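Data first, discussion second: the structure below is written as structure tokens.
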Amino acid sequence: MNEKISEEASHKNPTIDIIKKGSVITMITLISRPLGFVREAIQAYLFGATLLVDAFIVAFNFPELIQTLFFSGATSAFLVPVCSKYLHDDKDYSAIYSTFINLSIIITCFISLIFFIFSATIVDMIAPGFNPEAKDITKKLFIIMIPVISLHTILSVMKAFLNAKEHFAAPEMSGIIWNIIFILAALLLSKTYGIYSLAIGVTIGSVLQIMVQYPYLRKFNIRYKISLAFKHPAIREAKRLFLGALIATSIVPINSFVGRIIASYLPQGEVASLSYAFRIFILPFSLFAVPIYTVTFSKLSRLYHKDDWKGIYANIDSSIILLCITLIPASIFLCSMGDICIKILYERGAFTSKETLLTNKALFGYSTGLLFYALSISLVRIFNAFHDMKTPAIIGITSIVINAILAASLMAPFGNLGISLATSIVSLYNFFMLFIYLKKKIHYRLTGKTLRDIIKSLLAGLVLLILLFMCKYFMDGKVYVSLLTGILLTIIVYGVVFKNYYLLYLKQKG
């Protein structure tokens, strides 16, 4: 039976499969991202930019950072590869699932209790500049949101076990649910509970995120039991992989944190410009890269346990091609039309043309490395699928040092552009090193077709670059028309050059 499935996986067009499954994540992202902006707009409308909002942000960011760094980030990195081995045994799969859910509850509840007991001390550490009244508000908000650590960690375990089954919709939908509950809590409870309505929305939204997963867990025969199967081989394998996964998944937030520390020496406004620029930069990454490497990661984890190397090579090729034909045009678009995007999104009120120019510099630096940022994270997931957490962790640790040196060196001559360029250069370094080690590890080589498609994407990008500059020149001042024309040109150029992918997808769908 396994051999038959393996053979089918090898011969099925992996590119079409990634597009079909990844498009679900993309469509959900297209809904959740605007909801995030609506959420922030309502928060700003109700509470403005006041000390209350500062207290909420500080109180929310700390538990969110803890669970992201130590739990959610690493969970899928080691759980998907481990549990993929037991996909065809519902009893074993459920036993592993139950064990990790219960471990998550025990560990995070203990940490949450510690945070509750020492909440005042923690608030003193994370908000040292607040006055006593603000600290008291921050403490209360913090206590209301402490359960988020447990709830989001449990959600990440559910997500990993559903993703291993190649189900992506319900875990991604959870973000939409969370945003909706947050918005409703803010609108319905703000008059009664004030700023605490936001914290209530955060916690209730996190509970409902978990509840949404249950019907899908049952659909895939994943059953929860109050048990701890510590002797199961999967648990031993998970323990072996956890530390490396934790280090590897912490690299990006650590580099970002280091960058913010170094950027604090820049003149006023440049740190904020980096934040605004990164918010725009991360949008194409979320729309295209995240769906591609999420689907590929799950597929490779399954194929690795089947020892299907033909299927593995084909899926790696497909993921690289798809990243190139989506992110090369996205990078070119942001580099050439970034100022227009910033004008439309931000330039109003206190955000003037000066801030637009400043933010565009940072966006240009980030955008030059968009493809390598995505490829490096994708390659980390590929190593994870092969149960190798050590290689990405070691390369990641060296990248922290390189990032700090580059950011400090480039900041003086280039300002915020230097900080963002450092991120792009480090992404290139990460990709280069990971690709070399991948070739050594599994003897992987890019196929002729993959190389041809990459070259085609670069040539198409050159044509697009010329057309976009012509568009800006002839439509100077007409920002909305320029933006829409630029998007249309991008779709047409890459639609014509890579029409075979669209036709194959439509044919398969039909």
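Throughout, read-outs are computed from the coordinates displayed, never taken from laboratory work. Given the structure is predicted, the values throughout are model-derived calculations rather than measurements. For neighbour counting, all protein chains shown are included, and Cβ atoms are generated from backbone atoms with ideal geometry for every residue, glycine included.
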Surrounding charge for residue 202, neighbours by C-beta under 14 angstrom, Lys/Arg +1, Asp/Glu -1, total 0
Spherically averaged projected area of the chain from its Cα convex hull (nm²): 24.6
Mean separation of Cα pairs under 8 Å and 6+ residues apart, divided by the residue count of the range 50-230: what relative contact order is that in percent? 36
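Sorted from fewest to most neighbouring beta carbons within 10 Å, what does the list 305, 152 look like?
Numbers: 305 19, 152 25.
Going from sparsest to densest Cβ surroundings: 305, 152.
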Per the helix-only calculation at 222 nm, which mean residue ellipticity applies to the chain, given -39500 (n - 2.57) for every DSSP H run of n ≥ 4 and division by its residues, nearest 500 deg cm²/dmol? -29000 deg cm²/dmol
Rounded to the nearest Å, what's the spacing between the alpha carbon centres of the range 27-56 and the range 160-234? Just the number, please. 19
Could you grab the relative contact order for the chain? Cα pairs under 8 Å, six or more apart, rounded to a whole percent. 20
Kyte-Doolittle mean at least -0.5, axial Cα span of 24 Å or more - DSSP H helices of the chain: 14-47, 51-67, 90-117, 147-164, 169-193, 196-219, 233-263, 309-346, 390-414, 416-442, 448-474, 479-497
Which of the listed residues, 438, 486, 471, is farthest toward the dipole's positive end in the range 436-491, when Lys, Arg count +1 and Asp, Glu count -1 at the beta-carbon? 438
Give me the dipole magnitude in Debye, nearest 20, for the range 83-158 about the Cα centre, with unit charges on the beta carbon: positive for Lys and Arg, negative for Asp and Glu. 80
Dipole size in debye (nearest 20) for the chain around its Cα centre, Lys and Arg Cβ +1, Asp and Glu Cβ -1? 1120
Can you grab the distance from the C-alpha centre of the range 271-340 to the C-alpha centre of the range 391-406, Å, no decimals? 21
Cβ-Cβ cut-off under 14 Å around residue 342, Lys and Arg +1, Asp and Glu -1: the net charge is +3
Classify the range 295-350: rounded, prolate or oblate, from the alpha-carbon gyration tensor (a ≥ b ≥ c, eigenvalue square roots; a/c under 1.5 rounded; otherwise prolate if a/b is larger than b/c)? prolate
Distance cut-off 18 Å, Cα to Cα: go down the list 165/306; 20/85; 306/449; 219/299 and report the pairs above it. 20/85; 306/449; 219/299
The local net charge around residue 362, scoring Lys/Arg +1 and Asp/Glu -1 for residues other than residue 362 whose Cβ lies under 12 Å from its Cβ, equals -1
How long are the semi-axes of the equivalent ellipsoid of the range 50-230, taking √(5λ) for every eigenvalue λ of the Cα gyration tensor, in whole Å from largest down? 33, 18, 12
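Sorting 240, 348 on the 10 Å Cβ count, fewest up front, what's the list?
Final ranking by Cβ density, sparse to dense: 348, 240.
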Taking a ≥ b ≥ c as the square roots of the Cα gyration tensor eigenvalues, with a/c under 1.5 meaning rounded and otherwise prolate when a/b beats b/c, else oblate, which class fits the range 116-215? oblate
Counting other C-beta atoms within 10 Å, which of 182, 351, 364 has the fewest, and how do the rest follow? 351, 364, 182
